[in-house]
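Student: Following this message is one structure expressed as structure tokens.
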Amino acid sequence: MAALDLDAVPWSQVLLAALLGATVLTIVIAGATSASAFGLFNPTWDGSSEFRGAIEADADTELVVARETAVYESGDPTQSVAFVTAPADAYDSTDASRVRQFVRNGGTLVVLENFGSAGNDLLASVGAEARVDGRLLRDEHQYDRGPAMPIATDVNTSTLDRPVDRLVFNHATAVNASDDATILGRTSPYATLGPADTNRSAADFGRYPVAVSEPVGNGTVVTIGDPSLTINAMFDRANNEAFLAALSESADRVIVDVSHSEELPPAHVALLAVRNSSPLAAAIGGVGIAVIGLVAGRWPHRLVARFRGRPGRSAGDPTARSQADVDALRSHLRERHPEWDSERIQRIITALNTGQTEGRSNE
């Protein structure tokens, strides 16, 4: 084997190609992923890409990533579940009215919030009585990796279709609910609310609700005091995944409402735009077909041009062409015109060899 001559390698071109490749890769990754906390397209520890993937993996469920609350006005609410995770902005009257009507018409709304006020505002707007407390929930006895990650083993399995015996929370808060609400999960009796250095009395310890469900109109509102249940670092801990799946597995459509939280990556914004616009999808499809047709149409001509334009060969000598070229053209003509017999194909090849026009060869 001959040794590689490093001096003959065009290093400037290699480096330019590597830089171009790295730039393109960076643009593709930036366009397809997100760095937002709780982001559906954020693959890091604080993103919710695994939560999104679990919904998409269910062939019987349609995932709808809602950038606008108008989504709540379509579809069958009784077969829909909507997740709202730690909204950054308050829902205005129009948006809140759409969500409220969705719930009253039979939809299920799941609000995951701990310390923000927008979640409580949305709960009030739709007519739910549950509210997140807003103080940090700690448990010095029953926790995962520290007191700020309490474990709830008191889970109400009667309302869930999947076996769930414990949940792990991360910087959660308690949920204050009415007597009509169904408690889906509680902490151990050693849980407290507030900073670690707070002086405690016996009354401060208790089994605090962390997830509750209540009827509103013809629908249901579920309030969970920890949005981090959906993030990649927590999704597969204990029975968190099974718990979230149990809330939505009976629905035909799962709405993940990002209208008041994350900014979606440009690539997914474009994809959603195409999915939601039939004319745009048709236009893009038409352009794609035209490009394919153009490329497919030019390829045979390039093959013929290559066959007829070999330098250093005599156009008038049929034996001057390489056998590989002849075989390639013969195969192409047979594929494009299966109705032609071998004699006709041979006449066309001979005509090309002798320099006759393409129009003459196709007669």
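The numbers here are math on the coordinates, done by the rules we state, and not lab data. Given the structure is predicted, the values throughout are model-derived calculations rather than measurements. Counting neighbours? That spans all protein chains shown, and the Cβs are built from the backbone with ideal geometry, glycine included.
Student: What list do you get for R162, R145 if you sort them by fewest beta carbons within 10 Å? Each step should come with its number before you reach the end.
Tutor: On the way: R162 14, R145 9.
Fewest-to-most ranking of R162, R145: R145, R162.
Student: Could I ask something else about it? Please report, in debye to the nearest 20, how large the charge dipole of the stretch 27-262 is about its Cα centre when each Lys and Arg carries +1 at its beta carbon and each Asp and Glu carries -1 there. Walk me through the numbers on the way to the answer.
Tutor: Working: 16 positive and 34 negative charges, 87 e Å.
Dipole about the Cα centre, nearest 20: 420 debye.
Student: Could you line up H171, H337 from fewest to most neighbouring Cβ atoms inside 10 Å? Spell out each step's value before the answer.
Tutor: Values: H171 16, H337 13.
If I rank by nearby Cβ atoms, fewest first, I get H337, H171.
Student: Please give me, ordered by residue number, the chymotrypsin sites (Phe, Trp or Tyr not before Pro) of the stretch 160-220 that lie in loop per DSSP and have at most 16 other Cβ atoms within 10 Å. Please report the intermediate quantities before stating the final value.
Tutor: Working: sites: F169, Y190, F205; in loops: F169, Y190, F205.
Of the chymotrypsin sites (Phe, Trp or Tyr not before Pro), the ones in loops of the stretch 160-220 whose Cβ has at most 16 other Cβ atoms within 10 Å are Y190.
Student: How do L333, L123, L15 line up, fewest other C-beta atoms within 10 Å first?
Tutor: On the way: L333 20, L123 23, L15 10.
Sorted ascending by nearby Cβ count, the order is L15, L333, L123.
Student: Return the loop-located trypsin sites (Lys or Arg not before Pro) in the stretch 73-107 (DSSP other than H, G, I, E, B) with at most 12 other Cβ atoms within 10 Å of their own Cβ; answer none if there are none. Could you put the intermediate results ahead of the total?
Tutor: Working: sites: R98, R100, R104; in loops: none.
Counting only loop positions with at most 12 other Cβ atoms within 10 Å, none of the trypsin sites (Lys or Arg not before Pro) in the stretch 73-107 qualifies.
Student: With a/c under 1.5 counting as rounded, go ahead and sort the stretch 27-262 into rounded, prolate or oblate using the C-alpha gyration tensor (a ≥ b ≥ c being the square roots of the eigenvalues; past the cut-off, prolate if a/b is larger than b/c, else oblate). Mind dumping the intermediate values first?
Tutor: Values: a/c = 1.57, a/b = 1.31, b/c = 1.20.
Prolate, because a/c is 1.5 or more and a/b exceeds b/c.
Student: Turning to a different aspect of this structure: Using each residue's phi in the stretch 242-259, evaluate 6.51 cos²θ - 1.76 cosθ + 1.60 at θ = phi - 60° and report the 3J(HN,Hα) Karplus result to the nearest Hz, with x for Gly and Pro.
Tutor: 5, 5, 5, 5, 5, 6, 10, 5, 7, 8, 8, 9, 10, 9, 10, 7, 10, 5
Student: Now for a separate question. When a/c is below 1.5 the answer is rounded, else prolate if a/b is larger than b/c, else oblate, so apply that to the stretch 32-134 with a ≥ b ≥ c taken from the square roots of the Cα gyration tensor eigenvalues.
Tutor: oblate
Student: Okay, moving on. Would you kindly derive the ³J(HN,Hα) couplings of the stretch 69-83 from the backbone phi angles with the Karplus curve 6.51 cos²θ - 1.76 cosθ + 1.60 (θ = phi - 60°), listing them in order in whole Hz, with x for Gly and Pro?
Tutor: So the Karplus estimates, Gly and Pro as x, are 6, 4, 4, 5, 8, 10, x, 9, x, 5, 10, 10, 10, 10, 10 Hz.
Student: For the residue pair D204 and D180, what label-to-label distance in nm results when each label sits 7 Å from Cα along the Cα-to-beta-carbon direction?
Tutor: Those two pseudo-labels are separated by 3.5 nm.
Student: Determine the shape class of the stretch 105-197: with a ≥ b ≥ c the square roots of the Cα gyration tensor eigenvalues, call it rounded for a/c under 1.5, and otherwise prolate if a/b is greater than b/c, oblate otherwise. Present the calculation step by step, with values, prior to reporting the outcome.
Tutor: Values: a/c = 2.21, a/b = 1.28, b/c = 1.72.
Oblate.
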